[in-house]
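The values are calculated or read from the model by the stated rules, or taken from the named source; none is laboratory data. Since this is a predicted model, take the numbers as computed values, not measurements. As a convention, Cβ positions derive from the backbone with ideal geometry for all residues, glycine included, and neighbour counts pool all protein chains shown.
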Amino acid sequence: MRTTEFDFYLPTELIAQFPTKERSASRLLRLNGNSGIISDEHFIDICQFIDAGDLLIFNNTKVIKARLAGQKASGGAIEALFERIIDEHHVLAHVRASKSPKPGARLIFANAFEAEVEARQDDLFLLRIDSPRPILDLLDEYGALPLPPYITHAADEFDDERYQTVFAKDPGAVAAPTAGLHFDEEVIERLKAQGVNVAYVTLHVGAGTFQPVRVDDINEHKMHSELYSVPAETLALIQSTHNAGKKVTAVGTTVLRALESAARSGELVAGNGETDIFITPGYQFKVVDRLLTNFHLPKSTLLMLVSAFAGLENIQKAYQHAIEQKYRFFSYGDAMLLERTETRQ
């Protein structure tokens, strides 16, 4: 398939720059992948679309304040995004500078602590942090929340709260699992009260989630890698849900990627792993029956994923409908609820 099949024109004014006043106040576009039927709903009414006995799975990753300003010891401003904390002294980071730093270069962040470039790994730099303090503590004090590139304002205290899910627990993401942003405690409790089961996985979202596919043939695209964890209790709930003939709903593409990665062998396996799974049309889904997601960037791997889930033609029509109806797009935007096109394998 060609990347151009996943392109569309989006008016700039439809890119949400701020969230709705209330988390659950977004709109919700429902798409049935079998019939192609589209309906316009409100997210606050999501309890009507999830049945008792169904399972809702959230990503409990927590976004870290991963963006840091600084300078090279030799002079010259830099900006870094700490993509992944490797251990108590090492991180993998994106570093923006007029000239890329070479191994051995010294970097000074926020005039507070230093790092040394140890190696280059593709588009990331391995940095050794020279501080006795935990890296997360340094980021909490000196870093900024890494809002997506299409959000034009600098992160403030409001973003610190709203670009984080209410169930965020495990620090490590540099982007929010945005489908989860629509849920507040009240909606979750209402779902539980009507008999919907809730479980969690962890997938630490990387900055690569915003990168468009830059090759013509999507099969030539190299996927970014992310860490994930599927607990044994979540696995047990998935199995009992399917055994009862009920549906598993992934809240976000990150949950879907974690679950489908854990089932790559043909059998869903609990535990920790690292995944670069690239889901495109033709993929046979093994775990997820229903997907709640936001609207995604043109030519993105996530747009390819939802096209695999609900059908390319269905997604193209749904996105055109959303544009015509002025839905709000991307991280702070509205949501879609997708019923899968094929029978679970």
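Scanning region 4-15 for residues that are in contact with a strand residue (DSSP E or B) (Cβ under 7 Å, 6 or more places away or on another chain) and more than 18 Å from Q211 (Cα to Cα) returns a single hit, L14. The criterion of being closer than 17 Å to L145 by Cα, surrounded by fewer than 22 Cβ atoms within 10 Å (Cβ to Cβ) and in contact with a strand residue (DSSP E or B) (Cβ under 7 Å, 6 or more places away or on another chain) holds for K65.
Of the set (1) surrounded by fewer than 21 Cβ atoms within 10 Å (Cβ to Cβ); (2) within 18 Å of the chain's Cα centre (by Cα); (3) not β-branched (V, I, T), all apply to Q320 but (2).
Taking the criterion of being β-branched (V, I, T) and either under 20 Å from F43 (Cβ atoms) or not assigned by TED's automatic domain parsing to the domain that holds R328 (or both), the residues of region 142-194 that qualify are I151, T152, T165, V166, T178, V187, I188.
Do we find a residue being under 28 Å from E189 (Cα atoms), at pLDDT 95 or above and of a type in the set (F, W, Y) anywhere in region 14-30? The answer is yes, given that some residue of region 14-30 is under 28 Å from E189 (Cα atoms), at pLDDT 95 or above and of a type in the set (F, W, Y).
Got at least one residue in region 279-287 being closer than 22 Å to F58 by Cβ and of a type in the set (D, E, K, R)? Yes, there is a match, as at least one residue in region 279-287 is closer than 22 Å to F58 by Cβ and of a type in the set (D, E, K, R). Exactly one residue out of F125, F109, F113, F82 is aromatic (F, W, Y) and under 30 Å from T12 (Cα atoms): that is F82.
Is it true that A97 is surrounded by 16 or more Cβ atoms within 10 Å (Cβ to Cβ), outside the structural domain of P132 (by TED's automatic domain parsing) and within 30 Å of E141 (Cβ to Cβ)? No, not satisfied.
Is one or more of the residues making up region 252-265 exposed (fewer than 13 other Cβ atoms within 10 Å of the Cβ), among the acidic types (D, E), assigned by TED's automatic domain parsing to the domain that holds S24 and out of contact with any Leu (no Cβ under 8 Å at 6 or more places or on another chain)? No, the conditions are met nowhere in region 252-265.
For residues that are aromatic (F, W, Y) and within 20 Å of Q325 (Cβ to Cβ), scanning just region 41-58, find the one that is surrounded by the most Cβ atoms within 10 Å (Cβ to Cβ). Ranking the candidates gives F43 first.
Looking across L28, L14, one residue alone is surrounded by 15 or more Cβ atoms within 10 Å (Cβ to Cβ), over 14 Å from T178 (Cα atoms), not assigned by TED's automatic domain parsing to the domain that holds D137 and not acidic (D, E). It is L14. The number of residues in region 4-30 being over 23 Å from Q194 (Cα atoms), out of contact with any Pro (no Cβ under 8 Å at 6 or more places or on another chain) and not in a loop (DSSP other than H, G, I, E, B) comes to 6. Looking at region 47-68, can you tell me whether even one residue there is free of Cβ contacts under 8 Å to residues at least 60 places away in the same chain, more than 26 Å from D137 (Cα to Cα) and assigned to a loop (DSSP other than H, G, I, E, B)? No, region 47-68 contains no residue that is free of Cβ contacts under 8 Å to residues at least 60 places away in the same chain, more than 26 Å from D137 (Cα to Cα) and assigned to a loop (DSSP other than H, G, I, E, B).
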